[in-house]
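What follows is one structure encoded as structure tokens, with my remarks underneath.
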There are 2 protein chains.
Amino acid sequence: MQECADCPIRHRAVCARCEPDELDRLDSIKYYRSFEAGQTVIWSGDAMDFVASVVSGIATLTQTMEDGRTQMVGLLLPSDFVGRPGRSRAAYDVVATTDIVMCCFRRKPFEDMMVRTPHIAQRLLEMTLDELDAAREWMLVLGRKTAREKIASLLAIIGRRDAALYLSGKAGPLTFDLPLTREAMADYLGLTLETVSRQVSALKKDGVIVLEGKRRVIVPDMNRLLEEAGDDSDGGMLS
Amino acid sequence: MQECADCPIRHRAVCARCEPDELDRLDSIKYYRSFEAGQTVIWSGDAMDFVASVVSGIATLTQTMEDGRTQMVGLLLPSDFVGRPGRSRAAYDVVATTDIVMCCFRRKPFEDMMVRTPHIAQRLLEMTLDELDAAREWMLVLGRKTAREKIASLLAIIGRRDAALYLSGKAGPLTFDLPLTREAMADYLGLTLETVSRQVSALKKDGVIVLEGKRRVIVPDMNRLLEEAGDDSDGGMLS
DNA sequence: TTAAGTCCTTGACCCAGATCAAGCCGGGAA
DNA sequence: TTCCCGGCTTGATCTGGGTCAAGGACTTAA
């Protein structure tokens with residue numbers, strides 16, 4: 001399908017630190033899979049004989065209770081890793097929210113390779129620590145923020161990520177597309193979709209954001225949005 | 001202070017996989033620190049020139065917003081790891097809830113050693129993945145469970161851990177001490193301490209738990225408690 | 001033995017967000 | 001060109017858990 005050398009996530013995925021020879025070996029055990037928007041990639045509890053990186057598109061990690069209540073526990077963007085070495089069954093549902101392409105490795109060969117290739121294990125550790133930090137920030141959002149602050153937090157997170165990807169300049173209004181439906185946003189934030197809709201409308205009415213259609217968001221003043229999110233004005237950057 | 005060989009967390013902490021020679025090297029850079037119940041070990045944002053394992057006692061990881069709202073984002077038990085290699089400032093407040101002893105390593109030497117000792121990095125990856133799973137389960141609790149389910153979930157988590165530590169037999173009523181105040185439980189669960197108190201009383205009135213004093217909890221029927229927590233009756237074990 | 005402090009419980013009331021319900025909007029199929 | 005249909009908005013009402021307030025149960029200190 002594609003050479004690792006010109007892979008769009010070459011420098012951010014688990015393989016980021018690999019040397020050319022290591023990359024060759026990975027190359028030989030990788031294969032691509034595509035899923036359409038809305039498809040379930042993996043069901044929680046199912047056998048999972050591979051691990052993978054998201055190459056393009058967006059997927060979600062969700063947990064569901066017997067009575068149908070669901071909570072999103074991860075948002076998978078390009079370069080994010082799916083699956084856990086050493087675990088044979090999926091712990092969460094993985095659903096494609098847009099069309100996606102994943103770069104897969106059969107689990108066993110990947111595990112073997114991890115033992116012999118510290119560069120992979122190192123990178124995976126780093127990525128896992130980042131995800132843990134994100135999960136902890138998210139816990140504050142879920143546990144203590146109001147509905148309005150939750151929405152503002154989510155917009156800030158998505159906006160910041162988009163800015164990191166596409167721009168480096170810091171000034172001017174930020175524009176991006178929401179990759180999530182109102183319902184998915186509700187599952188992310190522990191709200192109902194009605195509340196999400198109301199709070200998005202309220203932020204719009206108050207001029208914190210501008211909407212173009214239902215999905216395109218313009219943020220005239222990022223600091224204002226961060227204030228609404230209840231975050232430190234400087235975003236609390238860590239090194 | 002103590003030899004690694006007879007350290008109580010020797011086989012569960014970051015050093016679990018180390019060979020004798022690796023352990024010797026760790027031994028030479030380690031030092032112990034003690035903190036009293038209530039003491040703050042580290043303030044979020046402060047410089048942090050060490051990483052550490054909890055040897056005994058319990059500590060919490062919390063995040064605080066400017067207006068004082070706080071959310072616990074981690075509960076640190078013996079063998080748990082504190083700090084992040086590569087990061088020089090603490091991202092969270094760490095507070096001792098009981099008297100604790102920590103086994104510390106200066107950050108730089110530890111990082112150097114990690115590069116040269118895959119056994120340490122491997123173990124840290126495994127522990128971090130476990131924590132990420134725990135954080136995700138916690139997100140479901142915070143986002144979607146009712147106050148009663150939250151309390152039942154917390155009791156189930158603490159009860160299960162105690163059972164794993166002290167008993168192996170599966171039958172009979174489970175007894176344990178709550179290591180947290182009502183306020184800490186509230187911070188864990190995204191509730192107020194009044195609601196925690198009310199729901200604990202309600203579970204007691206309904207016979208789900210029995211209280212001896214305010215801290216000692218007896219669970220006559222673990223399955224009943226898990227039902228109240230909204231979990232699968234079998235606890236959803238993963239390999 | 002009292003006093004002061006910490007932790008916990010309980011009651012009364014209120015409100016943010018859930019629930020229930022109706023209808024709008026825009027795109028694709030016939 | 002109309003008709004779905006999925007995604008979204010908005011209104012009316014209800015309620016779980018927050019807030020405010022009072023007081024109980026221990027523990028330590030004088």
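Odds and ends about this structure:
- Treating r as the C-beta distance of residue A:111 and residue A:5 and R0 as 22 Å, the FRET efficiency rounds to 0.35.
- Using a 7 Å Cα-to-Cβ projection, residue A:162 label spacings across copies, nm, ascending: 4.9
- Rg over Rh [alpha-carbon atoms, Kirkwood Rh] for the stretch A:145-228: 0.94
- A 1.4 Å probe, protein heavy atoms only, puts the accessible area of residue A:17 near 100 Å².
- Percent RCO, i.e. relative contact order, over chain B, from Cα pairs under 8 Å lying at least 6 residues apart: 19
- At an R0 of 22 angstrom, the distance between the Cβ atoms of residue B:181 and residue B:206 translates into a FRET efficiency of 0.45.
- Violating pairs (Cα-Cα greater than 30 angstrom) within the set A:145/A:204; B:30/B:150; B:30/B:214; A:204/B:150; A:150/B:205: B:30/B:150; B:30/B:214; A:204/B:150; A:150/B:205
- Buried surface between chains B and A: roughly 4400 Å² of accessible area, summed over both sides, computed with a 1.4 Å probe on protein heavy atoms only.
- Ligands, DNA and RNA left out, the accessible area of the protein assembly as shown computed with a 1.4 Å probe is 51% carbon and sulfur.
- Rounded accessible area per residue of the stretch A:145-228, 1.4 Å, Å²: 51
- Stokes-Einstein translational diffusion, the stretch B:4-139 - Kirkwood Rh over all Cα pairs, 0.890 mPa s, 25 °C, in µm²/s: 160
- For the stretch B:109-140, heavy-atom accessible area (probe 1.4 Å) falls by no less than 50 Å² from the chain alone to the full protein assembly at B:125, B:128, B:129, B:132, B:133, B:136, B:139, B:140.
- Using the Cβ-Cβ distance between residue A:160 and residue A:29 with R0 = 35 Å, the FRET efficiency computed as 1/(1 + (r/R0)^6) comes to roughly 0.55.
- Contact residues in the stretch B:43-90 (at least 30 Å² less accessible area with all protein chains than alone, 1.4 Å probe): B:63, B:65, B:66, B:69, B:71, B:73, B:84, B:87.
- Solvent-free Debye scattering, log10 I(q)/I(0), computed from the Cα coordinates of chain A at q = 0.10, 0.12, 0.13 Å⁻¹: -0.52, -0.74, -0.86
- Kirkwood-based shape ratio for the stretch B:33-111, expressed as Rg/Rh from alpha carbons: 0.96
- Whole-percent P(r), the protein assembly as shown, all Cα pairs, 10 Å bins from 0: 4, 18, 28, 28, 17, 4, 0.
The values are calculated or read from the model by the stated rules, or taken from the named source; none is laboratory data. Values in this document were obtained by computation on a predicted structure and should not be read as measured data. All Cβ positions, glycine included, derive from the backbone under ideal geometry; neighbour counts span all protein chains shown. Surface areas here come from the heavy atoms of the whole protein model, side chains and all, with no ligands, DNA or RNA. Shrake-Rupley method; radii C 1.70, N 1.55, O 1.52, S 1.80 Å.
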